[in-house]
1. So for the stretch 17-30 (the condition being in a strand (DSSP E or B) and over 24 Å from THR129 (Cβ atoms)), does at least one residue qualify?
2. Could you please give the count of residues in the stretch 61-87 that are touching a Pro at 6+ places or on another chain (Cβ under 9 Å) and within 15 Å of TYR107 (Cβ to Cβ)?
Amino acid sequence: MVPLKTRADRKILVIDDDEGECCLIEDILAQDGFSVVKAIGGEQGIRLLTAEEFPLVITDLRMPDIDGIAIIDFIRKRRLETLVMVVTGYASVDSVIGALRLGAYDYIMKPFGADLIRFAVKRAFDYVTLRDEQARLKSFEMVTKLASTAAHEVFQPLTVLMGEAKGILKESSDPAARDMAGNILEESRKIRDVIRRMDNLHDYVLKTFPGGFSIIDIEKGSSNK
């Protein structure tokens, strides 16, 4: 069985030039078990993003030093797998559309209620979890294809080797030759079993458990054939 962790890291970077707004969001999200890192202004936000990666960034759109658009652009150019949620007190449709076009995942208008931001953050983390799980499954599928190709390449010469070993056991009376052929046949059967398992890696079952964890069960998948 191959363990697959699907629960996203519950860490959020909140960027706002108003420390009170940062603290408000922190207080709301801390109740749901999220770890909030505060950045007072865009410059501090960039420094924190340079030091570590966050699954989600909540940033004010308008800040005097480095604004939310620049934050989005920084994340995009670094190719960070970070969702960005912009918060703005300005009902400017153009600025929100511009942020979304640059790659922002979502936006929230000020003033916002606690329920709204909780819902928006939960939806963002649901997306992160789904995206990460799909990426892991895609990687696993690539490995299974490689394993299957390797299995087919090895199986034919192994079959020939086993046939030769069986021939020696059937026809030879030399104890040393028979002993060597027997050892070759025994080890070849072990290799054959491994090859068959490699060729059946695609027959897996994905099991999801409470707490946000999934397991790729290769044994179960093979037994269902």
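Throughout, read-outs are computed from the coordinates displayed, never taken from laboratory work. Just so you know, these numbers come straight off a predicted model, no measurement behind them. Here the Cβ positions follow ideal geometry from the backbone for every residue, glycine too, while neighbour counts run over all protein chains shown.
1. Applying the first criterion (in a strand (DSSP E or B)) to the stretch 17-30 yields none.
Looking through the stretch 17-30, none of the residues is in a strand (DSSP E or B) and over 24 Å from THR129 (Cβ atoms).
2. Residues of the stretch 61-87 touching a Pro at 6+ places or on another chain (Cβ under 9 Å): 81-83.
From the residues that got through so far, the ones that are within 15 Å of TYR107 (Cβ to Cβ) too are 83.
Matching residues across the stretch 61-87 total 1.
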